[in-house]
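The values are calculated or read from the model by the stated rules, or taken from the named source; none is laboratory data. It should be emphasised that the depicted structure is a prediction, and the values quoted were computed from it without experimental measurement. Using ideal geometry, Cβ is built from the backbone for each residue, glycine included, and neighbour counts are taken over all protein chains shown. Just so you know, the surface numbers come from the protein's heavy atoms only, side chains and all, with ligands and any DNA or RNA stripped out. Shrake-Rupley method; radii C 1.70, N 1.55, O 1.52, S 1.80 Å.
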Amino acid sequence: TNCMSQTILIAEDDVFLLKVYKVKMEKVGIEAVLARDGEEVFTLLQQPGMQKPALILLDIIMPKKDGFVVLKELREHPDFASIPVIITSNLGQPEDKTKALEMGALDYIVKSDISIQGIVDRVMAVIGTST
């Protein structure tokens with residue numbers, strides 16, 4: 001595998017947004033694996049040959065399993081507990097942010113407060129230093 005390329009997993013039910021994320025991430029050399037709902041996150045993570053992502057960008061409002069459920073299950077899973085998770089949400093309530101951080105999220109980004117590029121920058125700040 002090419003150690004230059006980092007892989008992240010993006011869980012987001014807005015397909016347009018997923019495409020934009022993917023293009024922007026690839027521009028900075030990050031490969032994005034895309035999940036459209038909470039269940040797909042685990043399907044992808046458990047695929048044979050899937051390298052463990054350097055980071056998971058996790059939306060809260062998603063079909064099948066919401067982000068809080070996914071985060072809880074990730075943190076309880078021995079293989080995935082160590083993967084950094086950044087929550088991206090349309091919910092700006094302080095209690096949601098507090099809950100996410102208490103559950104082990106690294107960061108909580110309110111989508112309306114930040115550009116896509118800002119999210120890319122935040123991801124780079126987290127994974128850019130690791131080789």
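Identify, please: which residue in the range 109-126 is more than 16 Å from ILE30 (Cβ to Cβ) and of a type in the set (D, E, K, R) and is, among those, least open to solvent (accessible area, probe 1.4 Å)?
LYS111
Check ARG75, ARG122 and return the single one that is touching an Asp or Glu at 6+ places or on another chain (Cβ under 8 Å), free of Cβ contacts under 8 Å to residues at least 60 places away in the same chain and of a type in the set (D, E, K, R). So that I can check it myself, show each step before the final result.
Working: ARG75 fails: touching an Asp or Glu at 6+ places or on another chain (Cβ under 8 Å).
The match here is ARG122.
For the range 37-55, check the following and say yes or no: at least one residue is modelled with pLDDT of 95 or more, touching a Phe, Trp or Tyr at 6+ places or on another chain (Cβ under 8 Å), within 19 Å of ILE119 (Cβ to Cβ) and open to solvent by less than 60 Å² (accessible area, probe 1.4 Å).
No, every residue in the range 37-55 fails to be modelled with pLDDT of 95 or more, touching a Phe, Trp or Tyr at 6+ places or on another chain (Cβ under 8 Å), within 19 Å of ILE119 (Cβ to Cβ) and open to solvent by less than 60 Å² (accessible area, probe 1.4 Å).
What's the number of the condition SER5 fails, among (1) open to solvent by less than 60 Å² (accessible area, probe 1.4 Å); (2) within 15 Å of ASP107 (Cα to Cα)?
Of (1) open to solvent by less than 60 Å² (accessible area, probe 1.4 Å); (2) within 15 Å of ASP107 (Cα to Cα), only one is false for SER5: (2).
State whether the residues of the range 105-115 include one that is within 17 Å of LEU9 (Cβ to Cβ) and not in a strand (DSSP E or B).
Scanning the range 105-115, I find at least one residue that is within 17 Å of LEU9 (Cβ to Cβ) and not in a strand (DSSP E or B), so the answer is yes.
Listed residues VAL41, VAL69; which is closer than 21 Å to VAL126 by Cα and either in a loop (DSSP other than H, G, I, E, B) or not aromatic (Phe, Trp, Tyr) (or both)? Full working, then the answer.
Details: VAL69 fails: closer than 21 Å to VAL126 by Cα.
Every option except VAL41 fails the conditions.
Mind listing whichever residues of the range 44-65 are touching a strand residue (DSSP E or B) at 6+ places or on another chain (Cβ under 8 Å), within 17 Å of ALA105 (Cβ to Cβ) and not in a helix (DSSP H, G or I)?
Of everything in the range 44-65, those that are touching a strand residue (DSSP E or B) at 6+ places or on another chain (Cβ under 8 Å), within 17 Å of ALA105 (Cβ to Cβ) and not in a helix (DSSP H, G or I) turn out to be PRO53, ALA54, LEU55, ILE56, LEU57, LEU58, ASP59, ILE60, ILE61, MET62.
With the structure loaded, tell me whether GLY92 is assigned to a loop (DSSP other than H, G, I, E, B), more than 26 Å from LYS27 (Cα to Cα) and at pLDDT 95 or above or whether it fails that test.
Working: assigned to a loop (DSSP other than H, G, I, E, B): yes; more than 26 Å from LYS27 (Cα to Cα): yes; at pLDDT 95 or above: no.
So GLY92 fails the test.
Among the residues in the range 17-26, are any part of a loop (DSSP other than H, G, I, E, B), among the hydrophobic types (A, V, I, L, M, F, W, C) and open to solvent by 80 Å² or more (accessible area, probe 1.4 Å)? Steps first, please.
We begin by selecting, within the range 17-26, every residue part of a loop (DSSP other than H, G, I, E, B); these are none.
Scanning the range 17-26, I find no residue that is part of a loop (DSSP other than H, G, I, E, B), among the hydrophobic types (A, V, I, L, M, F, W, C) and open to solvent by 80 Å² or more (accessible area, probe 1.4 Å), so the answer is no.
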